[in-house]
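> Before we start, here is the structure in question, set down as structure tokens.
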Amino acid sequence: MTNVLRLPTRPAGPAADPVAVRFTVGAAVARARETGALPAGSGQAAGYAGLVLADRDAAPVEAFDLTTGAVLGAERLTVVPHELLTRAGLVVLRYRAAGGPADAPALRLFRQALADAERDALGEAVRWCRRFLAGRRSAGQRLSAHPVVAHQMAGLVARAAALRQTDAAAALAEPAGRAWWVREVDGLARDLIRMAGGRSVLAGQMAQMRTALLYANRIYLDGAPCSD
């Protein structure tokens, strides 16, 4: 995919808001509570296979193990330093896992909540990118109207729509489906970085959103590693 910022551009107004595309784990946790995956009093985050991912500005005092149903107190959680995740506004914690069923209902419901939160974040990122490109110009022409850019943007819109229409519950029920989901989410996030160009590396922008999505999926979906 061509990096659109090879074309001469100039910024334009509020459409270039650099904090419009952030993914938070809290969004998935909130959805999981609505479905009952995380019961009341179960802590502020979810744990799976010995790892917990949480938003850095709301680091958990307690977490809920999705396979055993145990509530993990602060004394059982150890912060793992990770510079990339810190920049993305996240923190990862480790605990001694006690095992549990691979098909635990709470884990299944949390994965669905995570997928829904990811689709929302990517959909908003695509809309942001369209607004951003519409506010940039090259040789007097709106960048969003440039044929190459318009074609690439249409492809991203279509991919986001396809992800939205996917039966996530069915896809996430099997290892192959979870690996596919990880690749699709990461590929869309990576191409959004290319569309946003240099702006993507600003705080709260596309590059950090990709990091957050990638690690959330690696921890909770056990997907195949994604390319960098």
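The values are calculated or read from the model by the stated rules, or taken from the named source; none is laboratory data. Treat the numbers as computed from the prediction; the structure is a model and nothing was measured. So basically every Cβ, Gly included, is an ideal-geometry build from the backbone, and we count neighbours across all protein chains shown. Areas reflect the complete protein model, heavy atoms only, side chains present, ligands, DNA and RNA absent. Shrake-Rupley method; radii C 1.70, N 1.55, O 1.52, S 1.80 Å.
> Under 9 Å between Cβ atoms, which residue pairs at least 6 apart in sequence (or on different chains) link something in region 163-179 that is farther than 14 Å from Asp116 by Cα and in contact (Cβ under 8 Å) with a residue 40 or more places away in the chain with a partner that is open to solvent by 60 Å² or more (accessible area, probe 1.4 Å) and not acidic (Asp, Glu)?
Hits for this filter: Ala173/Arg108.
> Among the residues of region 36-56, write down those that are of a type outside the set (A, V, I, L, M) and either modelled with pLDDT of 90 or more or in contact with a Ser or Thr (Cβ under 8 Å, 6 or more places away or on another chain) (or both).
Within region 36-56, Gly47, Tyr48, Gly50, Asp55, Arg56 qualify.
> Say we look at region 42-69 and pick out the residues that are polar (S, T, N, Q) and over 15 Å from Ala30 (Cα atoms); which of these is surrounded by the fewest Cβ atoms within 10 Å (Cβ to Cβ)?
Among those that are polar (S, T, N, Q) and over 15 Å from Ala30 (Cα atoms), it is Thr68.
> Of all the residues that make up region 170-197, how many are under 25 Å from Gln208 (Cα atoms), open to solvent by 60 Å² or more (accessible area, probe 1.4 Å) and among the hydrophobic types (A, V, I, L, M, F, W, C)?
Number of matching residues: 1.
> Does Ala59 satisfy the criteria of being modelled with pLDDT under 95 and either farther than 27 Å from Thr166 by Cα or not β-branched (Val, Ile, Thr) (or both)?
yes
> Then there is this: If you check Gln208 against the conditions, is it open to solvent by 60 Å² or more (accessible area, probe 1.4 Å) and modelled with pLDDT of 75 or more?
no
> Taking interchain pairs and intrachain pairs at least six residues apart, which have beta carbon atoms under 6 angstrom, with the first residue in region 98-123 and acidic (Asp, Glu) and the second open to solvent by 30 Å² or more (accessible area, probe 1.4 Å)?
Asp116/Arg31
> Separate question: Looking at Arg22, Arg10, Arg33, can you tell me which residue is in a loop (DSSP other than H, G, I, E, B), at pLDDT 50 or above, open to solvent by 30 Å² or more (accessible area, probe 1.4 Å) and out of contact with any Phe, Trp or Tyr (no Cβ under 8 Å at 6 or more places or on another chain)?
Only one candidate passes the filter, namely Arg22.
> From the list Asp167, Asp228, which one is open to solvent by 50 Å² or more (accessible area, probe 1.4 Å), among the acidic types (Asp, Glu) and modelled with pLDDT under 80?
Asp228 is the lone residue from the list that is open to solvent by 50 Å² or more (accessible area, probe 1.4 Å), among the acidic types (Asp, Glu) and modelled with pLDDT under 80.
Conditions (1) within 19 Å of the chain's Cα centre (by Cα); (2) more than 22 Å from Arg210 (Cβ to Cβ), marked per residue:
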residue	(1), (2)
Leu51	yes, no
Asp57	yes, no
Phe64	no, yes
Ala70	no, yes
Ala74	no, yes
Leu77	no, yes
Val80	no, no
Leu84	yes, no
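> For residues that are within 20 Å of the chain's Cα centre (by Cα) and modelled with pLDDT under 90, scanning just region 86-115, find the one that is surrounded by the fewest Cβ atoms within 10 Å (Cβ to Cβ).
Here the residue is Thr86.
> Could you please give the count of residues in region 116-139 that are farther than 21 Å from Val182 by Cβ and surrounded by fewer than 20 Cβ atoms within 10 Å (Cβ to Cβ)?
Final tally of qualifying residues: 8.
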